[in-house]
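The structure appears below as structure tokens.
The numbers here are math on the coordinates, done by the rules we state, and not lab data. Small disclaimer: the values here were computed from a predicted structure and weren't measured. Virtual Cβ from ideal backbone geometry, glycine too; neighbours counted across all protein chains shown.
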Amino acid sequence: MGVMVALTTPDVDQAVDLRERIAPQRPWQTVVWDDPVNLMSYVTHVFREYFGYARADAERLMLAVHNDGHAVVAEGAREQMELHTRAMHDYGLWATVRQAPQ
């Protein structure tokens with residue numbers, strides 16, 4: 001007695017779900033935004049103290065915040081980026097978490 005197996009093609013929703021599970025997850029980012037309150041020297045200090053950036057890297061990121069309006073200061077797992085964002089708030093900086101663009 002043979003067993004008959006019916007093959008079907010997945011519907012569109014199943015195919016999209018499968019691609020999302022197979023595709024590597026995009027990392028998350030901590031973004032620091034420009035504000036009218038904090039001095040550039042203070043922002044550089046925060047980046048050096050909290051993230052451990054070298055002076056040149058901290059200044060480059062601070063200038064991106066100042067000139068471009070924001071800078072991505074960290075990238076990784078969502079939970080870690082949320083911790084960084086909270087820390088930036090504790091320092092008085094305006095920061096948000098976002099998923100990295102594709």
Karplus-derived 3J(HN,Hα) from phi for segment 36-49 (6.51 cos²θ - 1.76 cosθ + 1.60, θ = phi - 60°), whole Hz, x at Gly and Pro, runs x, 9, 7, 6, 4, 5, 5, 4, 4, 4, 4, 4, 6, 5
Counting only backbone N atoms under 12 Å from a point 7 Å out along Cα-to-Cβ of Ala100, the residues of segment 28-70 in range are 28-30
Going residue by residue through segment 82-88, the Karplus relation 6.51 cos²θ - 1.76 cosθ + 1.60 with θ = phi - 60° gives ³J(HN,Hα) values, rounded to whole Hz and with x marking Gly or Pro, of 5, 5, 4, 4, 4, 5, 4
Here the gain from full extension of Asp90 to Leu39, 0.36 nm per residue of separation minus their alpha-carbon distance, amounts to 16.8 nm
Calc'd 3J(HN,Hα), segment 91-102, phi into Karplus 6.51 cos²θ - 1.76 cosθ + 1.60 (θ = phi - 60°), Hz, glycine/Pro = x, comes to 7, x, 9, 8, 9, 9, 10, 8, 7, 4, x, 6
Net charge (Lys, Arg +1; Asp, Glu -1) of residues whose beta-carbon lies under 15 Å from that of Met88, Met88 excluded, is -3
